[in-house]
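Data block below; observations after.
Every number in this text was worked out from the coordinates using simple rules, so none of it is lab data. What you see is a predicted model; the values in this text were computed from it and never measured. Quick reminder, even Gly has a Cβ in these numbers, built from the backbone with ideal geometry, and neighbours come from all protein chains shown.
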Amino acid sequence: MSYQDTVIAADRLVTRGGPAWDGIRPEAVARMRLQNRFRTGLDIARHTAAVMRRDMAAYDADPAAYTQSLGCWHGFIAQQKIISIRKHFGTTRGRYLYLSGWMVAALRSEFGPLPDQSMHEKTSVPALIEELYTFLKQADARELGLMFRDIDKARASGNEVEAQRLIHAVDQYESHVVPIIADIDAGFGNAEATYLLARKMIEAGACALQIENQVSDEKQCGHQDGKVTVPHEDFLAKIRACRYAFLELGVDDGIIVARTDSLGAGLTKQIAYSREPGDLGDQYNAFLDAEPVENAGRGDVLIERDGQLLRPKRLASNLFQFRAGTGEDRCVLDCVTALRNGADLLWIETERPDIAQIAGMVDRIRAEVPDAKLIYNNSPSFNWTLNFRQQAYDRWAAEGRDVAGYDRARLMDAAYDDSELAAEADERIRTFQRDAAARAGIFHHLITLPTYHTAALSTDLLARDYFGEQGMLGYVRGVQRREIREGIACVRHQNMSGSDIGDDHKDYFAGEAALKAGGIHNTMNQFAA
């Protein structure tokens, strides 16, 4: 409803309350309702799922309409990220948040910092989703509250034209509540455990769940060694569990992101069940590293391939090994199978940011599923500078250009920072997301752990200056003055934390008797200009 319609509806409601509600102001009720548009996490999940579906359709029509997100591990960081996007670009369209299981493990577990191995409490994931949306909803309440104050000022000055302009702006208001792509790891257990956790995550507001095809109790970070995958039927059961959770809760447009770690995973915990030659289990087993055998030995597990009896290579860990060089073929099979069995988007975890490599797999996937779309991890685990300088070096060498002045093994050296090769590499890093969206079917680009690194870097710089010779100037020049110059809203930290919202409520509740914090002696007034 519009602002005026909401006021009218509130007025009718208060009137029905009779004399006992004479102290309730209908317009204040309307404002509070508009500041709390999303009553539940399911309201958020339905709204943001529709946003993502529209964006996916827009990308299908034009690959230049790709989307982006940054990972976050605290509600305040998520809030400031979206406020910043609104400030710099005027809209949040095409910008989401990513909830990284890696950062939950490293920063939000009661066990303390943990590696990305699904050892953190599973309940910490939906709890963080709820926290992120609490802060995003507070950003709405804060900004709308400032607009309401401006409406009151315009009315007080007799400028009804300006008041109506501001009311129209309220009616057109774009929420800070954006989609969250949430990492459910490998499901934290079997399909039932996956369903139970998925339901909690959706109830907290998640519209998109990213699930990977690793063994749950052997789960590793996608950029570390030792990854173990599961047969397709096991993974598809978890995809269906996520879909059932969405449908049960009425989030009919919920999005499932199927991630394959097969490119870097050389192991499987079990041999797939196969009913007949060429079925899905048989295709999975065809990648196993196996040797012919005439006589079975003690404890042997045997499979039949093309009429021949084979012994799969089994390690001391009781894991089975895939044949070397089969990673891309397994990724393609994983992706096609997932899309044909309920997944909406794909995630291929790679060992380097290489558009040609990704595009090669996507071309093969799209030959089977033409509208296949990817989410891609622009990971901080990659050394982007070194990778792209080496790619530039190899390209120059292939083209016959002179590379004698460069040592390929030392291209990370700062001595090359101003070189022509480094400039070309940086330009390709700059356009990587745009180029990959156009060539490699990448609908969504994200950085998993950016704010983990920015928090560490900014804290290091502040500590160096503040505890060193600069003293307080280290904070003033390095933080506060920059906040003021850049127009960072949280320089007025009392306002950002909700103090003005609280004053508005005090006014609603107590009228002239309200004891407000925002008077002339509030030092935040020093930042008003």
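Of note:
- HN-Hα J in Hz across region 400-405 - Karplus 6.51, -1.76, 1.60, θ = phi - 60°, x for Gly and Pro: x, 7, 6, 10, 4, x
- Only the Cβ atoms of Lys and Arg (+1) and of Asp and Glu (-1) were treated as charged; on that basis the dipole of region 392-529 about its Cα centre amounts to roughly 240 debye.
- Extension gain from VAL161 to LEU196, taking 0.36 nm per residue of separation minus the Cα-Cα distance: 7.3 nm
- The chain: antiparallel DSSP beta bridges as a percent of all, rounded to 5: 25
- C-alpha center-to-center spacing [region 227-255, region 305-350] in angstrom: 19
- Loop-located GluC sites (Glu not before Pro) in region 379-432, at most 15 other Cβ atoms within 10 Å (DSSP): GLU399
- For region 51-92, diffusion coefficient by Stokes-Einstein and Kirkwood Rh (Cα), 37 °C, 0.692 mPa s, µm²/s: 280
- Cα gyration tensor shape for region 359-478, rounded if a/c is under 1.5, else prolate or oblate: oblate
- Estimated from the Cβ-Cβ distance and a Förster radius of 51 angstrom, the FRET efficiency linking ARG53 and MET472 is about 0.50.
- Divide the volume of the convex hull around the Cα atoms of the chain by the residue count and you get 217 Å³ per residue.
- Over 32 Å between alpha carbons, listed pairs LYS81/LYS373; LYS200/LYS313; LYS87/LYS506; LYS137/LYS373; LYS87/LYS227; LYS122/LYS506: LYS200/LYS313; LYS87/LYS227; LYS122/LYS506
- Acute angle (nearest 10 degrees) that the helix 420-430 long axis makes with the longest principal axis of the chain, alpha-carbon atoms: 70
- Euclidean distance between Cα centres, region 39-75 to region 186-215, Å: 18
- Angstrom value of the Kirkwood radius, inverse mean 1/r, which spans all Cα pairs in region 92-163: 15.3
- Computing FRET efficiency as 1/(1 + (r/R0)^6) for GLN526 and ARG311, where r is the C-beta to C-beta distance and R0 is 51 Å, gives about 0.10.
- Within the chain, the longest run free of exposed loop sites, counting chymotrypsin sites (Phe, Trp or Tyr not before Pro) that sit outside DSSP helix and strand states (H, G, I, E, B) and have at most 15 other Cβ atoms within 10 Å, spans 274-466.
- Separation between Cα centres of region 497-524 and region 418-463, rounded to whole Å: 43
- For GluC sites (Glu not before Pro), the sites in region 461-518 that DSSP calls loop and that have at most 11 other Cβ atoms within 10 Å are GLU469.
- Placing a pseudo-label 7 Å from each Cα along the Cα-to-Cβ vector at ARG16 and ALA398 gives an inter-label distance of 7.0 nm.
- Relative to the longest principal axis of the Cα atoms of the chain, the long axis of helix 499-510 makes an angle of roughly 50 degrees.
- Seen against the Cα atoms of the chain and their longest principal axis, helix 41-61 is set at about 60 degrees.
- Label point distance in nm, GLU486-ASP413, each placed 7 Å from Cα along Cα→Cβ: 3.3
- Estimated from the Cβ-Cβ distance and a Förster radius of 60 angstrom, the FRET efficiency linking ALA423 and ALA127 is about 0.85.
- Residues whose amide H comes within less than 5 Å of that of LEU309, counting only those at least five positions distant or on another chain, are VAL293 (H built at 1.01 Å from N in the peptide plane).
- Sparsely packed loop sites in region 304-393 (the trypsin sites (Lys or Arg not before Pro) outside DSSP H, G, I, E and B with at most 11 other Cβ atoms within 10 Å) comprise ARG340.
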